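Worksheet for the structure shown next.
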Amino acid sequence: MLDFLRRYSREQLDSRRMDERRGFHLSLIPDLAQAGLFGLQVPKRYRGQELPHSDTIKVWRQAGAIDCNLLILLAVHNTLGVPPVQHFAREEVRAAVLPELAQGRRLVTSAVSEPSMGSNVRAITSTATKRPDGSYVINGGKQWISLGNDAHHVNLFARLTDENGQDTGITGFLVDTSTPGFVRGPEVVTLGLKAVPQNSLSLENLHVPAESLLGEEGKGLVAAKTAFTQGRLMLATGALGAAMRALEMTQRFARRREVATGNLAENGRIQQIIAESVAATQAVEMLVEHIADRLDSGREVPEPFYFAAKILGCELMWQVVDRCVQLLGARGFVDTNVVGQFYRDYRLFRIFEGTTEAITVYLGSMVLKQPQQFLSIFDEFDLDPALAEYVDRVDKLTTTTTTGGQQRHILAGQIGELACWAILSALTAEGRTRSSMHAHTASWSEQQLADKLRSAEESRPFVELPTADELARHIGDFESSIGNVEQRRPGIQHDLDLLLRRG
Ligand SMILES: Cc1cc2nc3c(=O)[nH]c(=O)nc-3n(C[C@H](O)[C@H](O)[C@H](O)COP(=O)(O)OP(=O)(O)OC[C@H]3O[C@@H](n4cnc5c(N)ncnc54)[C@H](O)[C@@H]3O)c2cc1C
């Protein structure tokens, strides 16, 4: 598969054209299907490849290094679409649907987000009503659904009301998109990832049979979480592939470029930036490989590992790409040098499948509620005294007294970030002796943890922030400096989002 992807990239893929035309060439899906890339982890009895996690992440890293559109096309189907069907659909549905999905004859996506909710999945407003015959009627609207108009199946999440009119909670359904009442909406125009379309969807008295249920009634978030955890590992690994490719090009350029101080690669400041980027890349690689190995050996993966992968993987790898744009100078800003397109495309990774802020605060709140449970993660690591002391200091910070919700959110954000760095530091420290680069990566991770810890400790007592109303009044006054310049008139195609308009 890796050979196929490399050759396909060299000989057939045209990333610039996909980006400019906002679409894939016609043979892409059948070609990828032929190579087995739509059934990566589906069991062989359903015609899939049954890859272990350690091989699957190699596919994500490879696809990510080639093109974000390619990665996300494969990943939406393989990580968001397939796992809920594989693990939560009834056996007769699995037997009918999975072979088609695994062979790429039909695509599947996932529809969670709505106009009024994104990160807060518990706030889903689409409704499902159970009928006396056991079937369901779904109504509502979904937004930003990748492949929403192209997929043959959608894992749809809605709030269920049972036969007695009781709210049963969020429930998942596998919906065939040819069902009457599944109404495809317009495509949104995005900053990057332009070849993978996102659509809004309307669900208008969409009538689905009892067998479309994914898992149990009211337990839809369990199915959704299976997809999210796989998705988080995929995003970190795909971004890692992109960072590796961007660094490869940056290194070539730096070696070949002469500046006022001599060769660019030998300028100490530049060497430092490259060394930090390499350390970040190696640290993220160690984290995703560790998660994949644990999964393959049947060991439990503590949830904070997935959060660390999503948060640090996507943040750090995008920073690496951003630095590469910078180090390439004007060549970084030129849109035909790959890195510029990566800069736009991979920006998304900090936003979707849990924004950095939302999941950092969530992770921090988890740690604040049960610090000992989080600390037990480190029992299996042989922490050196310095690292053990840092982990102790993180624990001490969890006892910080807060006054009001605002300070609790700030504290949770700090603790969530520190939790991620503590995991990364413990993991990289374990690999310290493998090579001099590993030793550098371990020291770099520990330094990051120390810096973030110091900055959190020094932020006590919390600085009093302006109130949300004060901020709104102040920013509202900007109009007296910059006026009303909204371009909203008949004929302007891409109108401003309703939540962003004046008044
Ligand atoms: C290209 C693209 C493809 C997508 N594909 C899909 C798809 O296939 N299926 C699907 O269901 N959805 C999809 N989405 C939607 C995506 O998952 C959401 O955009 C994402 O979850 C963020 O939600 P939101 O945009 O409503 O932002 P919001 O949740 O409204 O967040 C707005 C801001 O608030 C911050 N924030 C939110 N909650 C908290 C918190 N608790 N603490 C602190 N800060 C917080 C966020 O970090 C962000 O800065 C896609 C989006 C894009 C752009």
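Readers should treat all values here as calculations from the given coordinates under stated rules, not as data from a laboratory. All of these numbers come straight from a predicted model, not from anything done at the bench. Virtual Cβ from ideal backbone geometry, glycine too; neighbours counted across all protein chains shown.
Does GLY134 fit the bill of being surrounded by fewer than 21 Cβ atoms within 10 Å (Cβ to Cβ) and within 14 Å of the ligand (Cβ to nearest atom)? No: the conditions fail for GLY134. For region 110-131, the set of residues classified as of a type in the set (A, V, I, L, M, F, W, C) and either within 8 Å of the ligand (Cβ to nearest atom) or not in a strand (DSSP E or B) (or both) consists of ALA111, VAL112, MET117, VAL121, ALA123, ILE124, listed by residue number. The residues of region 327-351 that are touching a residue at least 60 places away in the same chain (Cβ under 8 Å), within 16 Å of the ligand (Cβ to nearest atom) and surrounded by fewer than 19 Cβ atoms within 10 Å (Cβ to Cβ), listed by number, are ARG344, ARG347.
Pairs meeting the criteria (first residue in region 128-146 and closer than 15 Å to LEU174 by Cβ, second residue of a type in the set (D, E, K, R) and within 16 Å of the ligand (Cβ to nearest atom), beta carbons under 8 Å, at least 6 apart or on different chains) are ALA128/ARG159; LYS142/GLU114. Where helices (runs of 4 or more DSSP H) fall entirely within region 415-503, those with at least 2 residues that are in contact with a helix residue (DSSP H, G or I) (Cβ under 9 Å, 6 or more places away or on another chain) and without any contact (Cβ under 8 Å) to a residue 40 or more places away in the chain are at 436-458. Summed over region 173-225, the residues that are at positive phi and in contact with a Leu (Cβ under 9 Å, 6 or more places away or on another chain) give a count of 3.
In the condition set (1) part of a helix (DSSP H, G or I); (2) more than 22 Å from the chain's Cα centre (by Cα), GLY48 is compliant with all but (1).
Candidates HIS474, HIS440: the one that is more than 16 Å from the ligand (Cβ to nearest atom) and within 19 Å of LEU312 (Cβ to Cβ) is HIS440. Number of residues in region 152-210 that are more than 13 Å from the ligand (Cβ to nearest atom) and outside any strand (DSSP E or B): the value is 13. The set of residues from region 368-407 being among the charged types (D, E, K, R) and under 27 Å from the mean Cα position of the chain (by Cα) comprises just one member, LYS369.
From the residues in region 272-305 that are farther than 14 Å from SER443 by Cβ and of a type in the set (S, T, N, Q), which one is surrounded by the most Cβ atoms within 10 Å (Cβ to Cβ)? Taking the candidates together, the pick is SER277.
Could you tell me whether any residue of region 52-71 is in a loop (DSSP other than H, G, I, E, B) and more than 30 Å from THR281 (Cα to Cα)? No - not one qualifying residue is present in region 52-71.
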